[in-house]
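Each remark here refers to the structure printed beneath this line.
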Amino acid sequence: MSLLHLSFYSTFAISSLGLAFHRAHLISALLCLESIILSIYIALSTLPIENQTPSLTLMPILILAFSACEAG
Amino acid sequence: MMYFVFFLGMFFVLGGLAVASNPSPYYGVVGLVLASVVGCGWLLSLGVSFVSLVLFMVYLGGMLVVFVYSVSLAAEPFPEAWGSWQVLGYGVGFVLVVVMGVVVGGAVECLKFEVMTVDSGGVVSVRTDFSGVAMFYSGGAGMFLMAGWGLLLTLFVVLEVVRGLCRGAIRAV
């Protein structure tokens, strides 16, 4: 596994653990959800770079739009 | 230069760790800001500058500001800060889980530094991320309309939920 793939994969894992083990405030669980979505955005942005297909670039933009819906 | 990208990746993980082991939401947002700034720099170093600037403007400037406003509505007078043993325990625990996962999954010997960057299209110099997002308007028009409709709907839902004063779901506003 390349080192950068490991970076966003472990960020996803750590944020999922934070979502599972939130302690006092419900809103810290929502913050962990935002961090999960951020790592998914980075992963989906590196996908068109590595496969050299530009049309996959609209997937992270769509994820941003739907995560704005979810944050609202 | 590749060590710079490596450090950007490490700071991304540190930002995620700061969000996961936050003592209170005020300090968790700091980790989110760090992670998104560093992620923006990471995407810039790979070459897709448009997508990274969209991340900056929409995520940091739009969503995080709205999130910080709503966090400040749920205010606590004495929030717990970073220097408590519980937070340190959570942070060390999360790092241990990830390290065990990497060792058991056998990813240690496969750690490479190679990264692929984006090309321009020869003489014509077409940026691939610009032309990719522009397909939102041609082939992805259906999803574009659905995303816009969802955002408009969410706006009205939130407006009704926080109407307050004996009419909304949240009456304390």
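Part of a helix (DSSP H, G or I) and surrounded by fewer than 23 Cβ atoms within 10 Å (Cβ to Cβ): does that describe B:Y27?
Spelling it out, B:Y27 is indeed part of a helix (DSSP H, G or I) and surrounded by fewer than 23 Cβ atoms within 10 Å (Cβ to Cβ).
Against the condition under 30 Å from B:S131 (Cβ atoms), open to solvent by 50 Å² or more (accessible area, probe 1.4 Å) and modelled with pLDDT of 75 or more, how does B:F12 come out, does it pass?
So B:F12 fails the test.
The values are calculated or read from the model by the stated rules, or taken from the named source; none is laboratory data. Everything quoted here is computed from the prediction, not taken from an experiment. Here the Cβ is made from the backbone with ideal geometry for all residues, glycine too, and neighbour counts use every protein chain on show. Ligands, DNA and RNA are stripped out before the accessible areas are found, and what is left, the full protein with its side chains, is counted by its heavy atoms. Shrake-Rupley method; radii C 1.70, N 1.55, O 1.52, S 1.80 Å.
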